1. Filter region B:95-128 down to the residues that are buried (at least 16 other Cβ atoms within 10 Å of the Cβ) and under 19 Å from A:Val207 (Cα atoms) and list them by number.
2. Pairs under 9 Å by beta carbon, first residue touching a residue at least 60 places away in the same chain (Cβ under 8 Å) in region B:279-305, partner assigned to a helix (DSSP H, G or I), six or more apart or different chains?
3. Here is a check on your reading of the model: is B:Leu46 at pLDDT 90 or above and either among the acidic types (Asp, Glu) or surrounded by fewer than 22 Cβ atoms within 10 Å (Cβ to Cβ) (or both)?
4. If you check A:Leu94, A:Leu137, which single one turns out to be within 24 Å of the chain's Cα centre (by Cα), among the hydrophobic types (A, V, I, L, M, F, W, C) and surrounded by 14 or more Cβ atoms within 10 Å (Cβ to Cβ)?
5. For region B:239-265, give me each residue that is more than 20 Å from B:Pro288 (Cα to Cα), in contact (Cβ under 8 Å) with a residue 60 or more places away in the chain and surrounded by 14 or more Cβ atoms within 10 Å (Cβ to Cβ).
6. Between residues in region A:92-115 that are touching a residue at least 40 places away in the same chain (Cβ under 8 Å) and residues that are surrounded by fewer than 16 Cβ atoms within 10 Å (Cβ to Cβ) and part of a helix (DSSP H, G or I), which pairs lie under 7 Å by C-beta distance while being six or more apart or on different chains?
7. Please verify whether B:Pro314 is closer than 20 Å to B:Cys346 by Cα, modelled with pLDDT under 90 and more than 25 Å from the chain's Cα centre (by Cα), treating the condition exactly as stated.
8. If we scan region B:248-267, do we find a residue that is modelled with pLDDT under 95, part of a strand (DSSP E or B), among the polar types (S, T, N, Q) and over 25 Å from B:Asp318 (Cα atoms)?
Amino acid sequence: MAMIRNQRRHRLVALTLILPFVAVFALVFAYPLVEVVRLSFTNATLIGGGEWIGLQNYRELLADKLFYTSLKNNGYFMLLTVIPTTVIALCIALMVQRLSGRMQALALALFFLPYILPVSVVTQIWAWMLDFQFGILQPLFERIVGKPIPVFKNPYWVMPSVAVVTIWWTNGFNVLLFLAGLRNIPSDLYEASALDGATRWQQFTRVTWPLLWPVVALVLTLQLILQLKIFDQIYLLSEGGPFNSSSVLLLMVYREAFQQNNGGYASAISLVVFLLIVAVSVLQYQLLRIRGRR
Amino acid sequence: MSGVVLRNVAKSFGAVNVIKDVSLTVNKGEFGVFVGPSGCGKSTLLRMIAGLEDTTGGTIQIGGRDVTHTEPAKRGVAMVFQSYALYPHLSVAENMAFSLRLARTSRDERERKVREAARILQLTDHLDKRPAELSGGQRQRVAIGRAIVREPEVFLFDEPLSNLDAELRVQMRLELSRLHQQIGATMIYVTHDQVEAMTLADEIFVLKGGSVQQSGAPLHLYDDPDNRFVAGFIGSPAMNFINGRVIGHTPQGIRVLAEDGEVEVDLETRPAEGMAVVLGIRPEHLVPAESGITVTVEMAEELGGNAYMHSRLPSGGDIVFERRGERDRLEGQNVRLRAEAGHIHCFTTEGLRLR
């Protein structure tokens, strides 16, 4: 009886509890999203109105050579980071896991340390280390390639270099995810498989890998989304240069919006990036899930 | 030929000696049970036989081969874990065939063996399911099936029934007994439950503090324990212990003053008068009588056919005695109990048996 009488009150409480979130969400997410969609069909500047021009922005974008260069660079960057960082993190996690107690914590802390640095510090460290004249890593280049290389000013070296910096910076988090995944595999499965006659490699391929697959799929998907959104490192290290050889989609958005004052055009690009990320990540996650079920 | 032979086996983790100089033999085809309270080293000992723990000292032989330093897979043992340790991503059939796949057994043979094991364990309808879709008892049977297909010389069971509910546990106990008769392999079984030990074992090894206290057939341990620990551990409800003092000798043994009652005990040795002893009497051997040790009945556990009377000595100790077929209630009453001289065990205050 009491339940029925309190229904109205119940609803009121529920409403007041979700209202703050809904309000904030509407203000800082839903409204801007709708505005971006609307802006992408106008020739608006960053601030102020603009006229409705239909699909003009999109037509322009599809004819923009820089868009294709940036798209290609985004793809190249994903290739350089997503799978390598996953493989490296898995290897590190497998090694760290074999350490005991205190040593494990220490090793994990060391690998995680770069992740807590802000991006500007990370890029500054690497800019110094790779400095053409005084960089501590240049002797290494001299030994391998024969001459020092201004990596962030060289069209061939710039993307791989940014990729290395990115992997170094974000790898600790993936190690952490893998380590959590590895700890979830009960140790008696390894004992059972040892009794069943599995070698270390067979234990990895037949026990660890299939049971870790959900974590691998998660890491790959998170990395894919993260690396498609690459901006800060490029902006801070090479500013898209030289000759747009490290230009990426979000850098294009930034330039169009905040340097060229083309709010409408920038909105169109960011919407395309958004749809691209959604499409690719959903596709990838589904593919990985199917493989996982096998 | 012998099944499993342990000679002076020892194991220490750092400075802690977990297993101290254990020597024992489980004959080929026998069902041996390691039983003891938690922390007695029984699981460690089993894992040493399996090769999952290093052996610090001594030798382990399986089927006449010294396997002390052999890797687990080559010892000819299969183990059933307490947690079952089934591969969650594989079907029941794949779980059972796992070791055969690793050994590159032909597909036909693999299927034949898995089907045979499934038939024995009544798992034929579940071969395509994943472990998560099975009940506890079925998972347990898959774990056993995984051991069977390997056709090992020795089966090792590490508390395999402790995750099952009471009813299922009794059922699986019977199935294990039947399985042992059916395949006739050597089996070693670890449990802390002395009922499991009594019902399954050909030979029980009672462990405490990393060493074997006594070994032998279940009824031998029950009737003739070597020390107070074994006497108290084997049997349910446990044996009653009453402090007493030797007050005289009889032709067959001694007379003991225990609490307020005088008790005669058959004994070959004749401990000196005045010596403190501990009498051990099983619940079924205590009967109400005109004279004897006085107890106050506090509670009755009526089981229908028999009843366990929980009662208290004047000095505070617990006494349990059994009654059969009587229906009158004794709660709150004072009862005098006696036992036949031949049914009373006598221990020193240190816990050693006096014979």
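The values are calculated or read from the model by the stated rules, or taken from the named source; none is laboratory data. The structure displayed is predicted, hence computed values, not measured ones. We place every Cβ from the backbone using ideal geometry, glycine too, and count neighbours over all the protein chains shown.
1. Within region B:95-128, B:Asn95, B:Met96, B:Ala97, B:Phe98, B:Ser99, B:Leu100, B:Arg101, B:Leu102 qualify.
2. The qualifying pairs are B:Gly280/B:Arg228; B:Gly280/B:Ala231; B:Gly280/B:Gly232; B:Ile281/B:His343; B:Arg282/B:Tyr222; B:Arg282/B:Ala231; B:Arg282/B:His343.
3. Values: at pLDDT 90 or above: yes; either among the acidic types (Asp, Glu) or surrounded by fewer than 22 Cβ atoms within 10 Å (Cβ to Cβ) (or both): yes.
Yes: the conditions hold for B:Leu46.
4. On the way: A:Leu137 fails: within 24 Å of the chain's Cα centre (by Cα).
Going through A:Leu94, A:Leu137 in turn, just one is within 24 Å of the chain's Cα centre (by Cα), among the hydrophobic types (A, V, I, L, M, F, W, C) and surrounded by 14 or more Cβ atoms within 10 Å (Cβ to Cβ): A:Leu94.
5. B:Gly253, B:Ile254, listed by residue number.
6. A:Val96/A:Gln104
7. Details: closer than 20 Å to B:Cys346 by Cα: no; modelled with pLDDT under 90: yes; more than 25 Å from the chain's Cα centre (by Cα): yes.
Criteria not met by B:Pro314.
8. First, pick out the residues of region B:248-267 that are modelled with pLDDT under 95: B:248-267.
Checking the rest, the ones that are also part of a strand (DSSP E or B) come to B:248-249, B:253-258, B:261-266.
From the residues that got through so far, the ones that are among the polar types (S, T, N, Q) too are none.
No, region B:248-267 contains no residue that is modelled with pLDDT under 95, part of a strand (DSSP E or B), among the polar types (S, T, N, Q) and over 25 Å from B:Asp318 (Cα atoms).
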